[in-house]
Ligand code: 5AD
Ligand code: SF4
């Protein structure tokens, strides 16, 4: 493991404090705007970037127009996400023309790829610095250098990656928090760019994780999600991920524990047993299937079969009959035949996932699948995607309707994004639950409440607080 030395971290703190002193001399405190694309790991990285920016004296702002520092934290999992990040970055050109002192940085998975790094360097000359995923801890040093007239910088080496402890974090929410347990991925699924952008697997030390979890609990965390590209590969002091989950569940505090993402080839019975035994473990499992075809799974380099996946699901349901299972599905992987796609549909009908995240296959540079000859035409991919969604929507609705009349323990998170008159929260199953917003219910934000479910839709449940 490549743990960043204390000296390096101390150096970043010294630089952060020097920048803060400079910023204090300005008439008004400078502001920082961060735009995040992609997965929860990126959200967690942005919380660390925000923490470092705050330590340097930057206030948060919610529009780029007010900002003195703009960070774009990018994703590379699909081309669409990259094009959006590039387009957003392009819009900042005008802001830089108006305010040449504006600092613009692009970080995350997209710029960790050679060709994107070169593209941003050449075609986006108003971008001041790029920082790769394994180098985020160097953000203070890179920003300070540029602020004092240094050259544009491109620090994107991803091959190794690092584990940096002790950096400041500003979390988006006190009640629902992310804690990374491992970084990187060694699986090299043939479609996936992540092993190239986030480097090799490395776990944080057990003691560092436990200290952070205790800290977030002390600060009011009610839902803790352990994050890793492949949490089942976690290992520290001879202890595996199931041991870590067990140890966290034994900590004092009224919280629930979730984790993602698990790989079906590594998710162990031991982990499922630990979940079943611990009340604090949410009865929810995200287990990406990707395809229901044995042949496609093999070409994807997933190293499990539909049968072994199903036996894992059976074991989970045997131990936890009410467990909610969600999945990721890719449609239109190179060479996927109509029959193979229908095998995926059959798996959906058989397993009855509570929810799926479905993706149209997107060829990624460097990945073996991108070089395969039998790419599926876009119209076939989108037709399959529509059929997949229609089937899953039916299943999700059917499963949600079964919950009407029952009571769910819900963590009330805040005002609903869709309606000012509703509050939203998450049940143990991670399903979205809406309740009417009143002064009484508003007082429950950030805490658990029992909710009687009165109505179900495809993507959400509705209910009322049980007095
Ligand atoms: N195209 C489409 N979907 C992809 N995913 C990963 N790589 C690709 C790709 N090239 C999906 C997988 C993964 C999720 C995070 O993104 O389903 O589980
Ligand atoms: Fe990508 Fe596969 Fe690693 Fe997940 S397990 S990050 S899909 S390579």
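Readers should treat all values here as calculations from the given coordinates under stated rules, not as data from a laboratory. Note that the structure is a prediction, hence the values are computed from the model and not measured. Reconstructed Cβ throughout: ideal geometry from the backbone, glycine too, with neighbour counts over all protein chains shown.
Selection of the stretch 211-238 for residues being free of Cβ contacts under 8 Å to residues at least 60 places away in the same chain, in contact with a strand residue (DSSP E or B) (Cβ under 8 Å, 6 or more places away or on another chain) and farther than 23 Å from residue 263 by Cβ yields 212, 216, 217, 221.
Out of 73, 99, one residue alone is away from ligand 2 (no atom under 16 Å from the Cβ), over 26 Å from the mean Cα position of the chain (by Cα) and on the phi < 0 side of the Ramachandran plot. It is 99. Can you tell me which residue in the stretch 372-413 is farthest from ligand 2 (Cβ to nearest atom), limited to those that are closer than 30 Å to residue 220 by Cβ and crowded, with 18+ Cβ neighbours inside 10 Å? The extreme case among them is 412.
Criterion applied to 188, 178 was being within 16 Å of ligand 1 (Cβ to nearest atom), in contact (Cβ under 8 Å) with a residue 24 or more places away in the chain and closer than 21 Å to residue 55 by Cα, and the one residue passing it is 178. Being under 30 Å from residue 331 (Cα atoms), touching a strand residue (DSSP E or B) at 6+ places or on another chain (Cβ under 8 Å) and part of a helix (DSSP H, G or I), is that true of even one residue in the stretch 446-459? No: the stretch 446-459 contains no residue that is under 30 Å from residue 331 (Cα atoms), touching a strand residue (DSSP E or B) at 6+ places or on another chain (Cβ under 8 Å) and part of a helix (DSSP H, G or I).
Here the stretch 348-371 is the region considered, the condition is being part of a helix (DSSP H, G or I) and within 12 Å of ligand 2 (Cβ to nearest atom), and the residue that is nearest to residue 383 (Cα to Cα) is 369. Annotation: of all residues in the stretch 308-342 being surrounded by fewer than 20 Cβ atoms within 10 Å (Cβ to Cβ) and within 20 Å of residue 378 (Cα to Cα), the one that is nearest to ligand 2 (Cβ to nearest atom) is 328. Return yes when residue 266 is away from ligand 2 (no atom under 16 Å from the Cβ) and in contact (Cβ under 8 Å) with a residue 24 or more places away in the chain and no when it is not. No. One residue stands out in the stretch 39-52 among those that are in contact with a strand residue (DSSP E or B) (Cβ under 7 Å, 6 or more places away or on another chain) and touching a residue at least 40 places away in the same chain (Cβ under 8 Å): the one that is farthest from ligand 1 (Cβ to nearest atom), namely 50. State which residue is nearest to residue 333 (Cα to Cα) when the search covers only the stretch 191-201 and only residues that are out of contact with any helix residue (DSSP H, G or I) (no Cβ under 8 Å at 6 or more places or on another chain) and more than 9 Å from ligand 1 (Cβ to nearest atom). Filtering the stretch 191-201 for residues that are out of contact with any helix residue (DSSP H, G or I) (no Cβ under 8 Å at 6 or more places or on another chain) and more than 9 Å from ligand 1 (Cβ to nearest atom), the one nearest to residue 333 (Cα to Cα) comes out as 195.
Can you tell me which residue within the stretch 145-183, out of those that are within 16 Å of ligand 2 (Cβ to nearest atom) and within 30 Å of residue 126 (Cα to Cα), is farthest from the chain's Cα centre (by Cα)? Selected residue: 159.
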